[in-house]
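Just below is one structure, and these are the notes that go with it.
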Amino acid sequence: MSDPFLLMQMLILLLITGAIAGVLAGLLGVGGGIVLVPAFFYVFGALGFGGPQLMQICLATSLATIIVTSVRSVLSHNKKGAVDWDILRTWAPGIVIGALCGMLVASSLRSGTLQFIFGILALIVGTYMSFGRSSWRLAEAMPQGAKRMGVSPLLGFMSVLMGIGGGSFGVPFMSLHGVAIHRAVATAAGFGVLIAVPAVIGFLFVPIEPSGRPPFTLGAVNLIAFIVVIAMTLLTAPWGVRLAHAMDAGPLKKAFGVFLILVALNMLRKAIGW
């Protein structure tokens with residue numbers, strides 16, 4: 001039987017985490033995973049859970065929440081005709097393959113290695129958020145043929161190793177290839193579904209050592225964190241959207257990029273044992 005006091009502490013910390021993640025997602029247009037993975041890591045660590053598989057739990061639980069939020073986002077954007085279904089259809093096979101490969105790799109790595117990978121990739125995302133420009137272009141159209149076959153699995157693979165959906169890599173990539181930002185955001189939500197569903201199915205079968213497993217964890221997915229965070233993000237994300245319309249979110253997004261860089265550096269510090 002789980003300790004009631006421990007469950008209460010866990011519930012309170014997760015309520016706060018979900019509320020903050022929801023506001024940031026609505027305010028800044030960032031995917032919840034980029035916030036949730038480090039938040040889960042610190043919450044579970046503060047509650048005394050650790051071990052070589054802690055990051056697997058954080059990644060898997062974050063991806064489970066992304067299934068719900070991405071489906072909701074795609075349906076909402078589709079009502080406005082913003083989803084580019086041609087990009088989604090042609091990029092889907094590679095993204096799914098990459099996501100499955102990412103799950104297999106993540107399930108075989110120790111927590112410290114996954115922390116290091118998260119830190120490096122989060123450093124890249126944070127730097128782009130802080131210093132990137134909407135006018136930057138690599139090309140005027142999305143890659144086709146062999147290039148698409150190479151890039152699409154990489155997007156899915158890197159996203160799973162970070163426990164994130166399609167926004168953090170998909171939106172910048174599409175924007176750099178001439179896709180309008182509102183269309184990129186809408187289509188990246190579809191990327192999130194393609195990434196999260198196969199990865200989470202795989203993570204449900206990953207065995208986790210009982211000593212490092214928070215209560216009510218199925219495979220690598222913590223069900224309490226999943227339910228609480230989904231409830232809170234659905235509640236607070238509209239608050240963030242209203243704030244975004246009431247103020248200039250641009251400087252806040254750059255500030256969040258700097259914050260993400262600091263989080264990434266702290267992850268790297270922990271990963272190398274400093």
Could you pull out the residue among 202, 192 that is modelled with pLDDT of 95 or more and more than 20 Å from residue 49 (Cβ to Cβ)?
202
Could you please let me know if residue 247 is surrounded by 15 or more Cβ atoms within 10 Å (Cβ to Cβ), of a type in the set (A, V, I, L, M, F, W, C) and over 22 Å from residue 118 (Cβ atoms)?
no
(1) buried (at least 17 other Cβ atoms within 10 Å of the Cβ); (2) part of a helix (DSSP H, G or I); (3) hydrophobic (A, V, I, L, M, F, W, C) all hold for residue 11 apart from (1)
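Considering only segment 67-82, how many residues are of a type outside the set (Gly, Ala, Ser) and outside any helix (DSSP H, G or I)? Full working, then the answer.
The initial filter retains those residues of segment 67-82 that are of a type outside the set (Gly, Ala, Ser), namely 67-69, 71-72, 74-75, 77-80.
Then keep just the ones that are outside any helix (DSSP H, G or I); that gives 80.
Looking only at that region, the number is 1.
Scan segment 83-90 and tell me whether some residue there is outside any helix (DSSP H, G or I) and surrounded by fewer than 22 Cβ atoms within 10 Å (Cβ to Cβ). Lay out the reasoning, then the answer.
As a first pass, look at segment 83-90 and keep what is outside any helix (DSSP H, G or I): 83-84.
So of that shortlist, the ones also surrounded by fewer than 22 Cβ atoms within 10 Å (Cβ to Cβ) come out as 84.
Within segment 83-90, one or more residues are outside any helix (DSSP H, G or I) and surrounded by fewer than 22 Cβ atoms within 10 Å (Cβ to Cβ).
Take residue 268 and tell me if it is among the aliphatic types (A, V, I, L, M), surrounded by 15 or more Cβ atoms within 10 Å (Cβ to Cβ), under 18 Å from residue 129 (Cβ atoms) and at pLDDT below 85. Let's see the steps before the verdict.
Working: among the aliphatic types (A, V, I, L, M): yes; surrounded by 15 or more Cβ atoms within 10 Å (Cβ to Cβ): yes; under 18 Å from residue 129 (Cβ atoms): yes; at pLDDT below 85: no.
The answer is no for residue 268.
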Any chance residue 115 is closer than 15 Å to residue 59 by Cα and among the polar types (S, T, N, Q):
yes
Part of a loop (DSSP other than H, G, I, E, B), in contact (Cβ under 8 Å) with a residue 12 or more places away in the chain, over 14 Å from the mean Cα position of the chain (by Cα) and surrounded by fewer than 23 Cβ atoms within 10 Å (Cβ to Cβ) - does that describe any residue in segment 19-37?
no
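The values are calculated or read from the model by the stated rules, or taken from the named source; none is laboratory data. Computed from a prediction, not measured in an experiment: that's the story for all the values here. Reconstructed Cβ throughout: ideal geometry from the backbone, glycine too, with neighbour counts over all protein chains shown.
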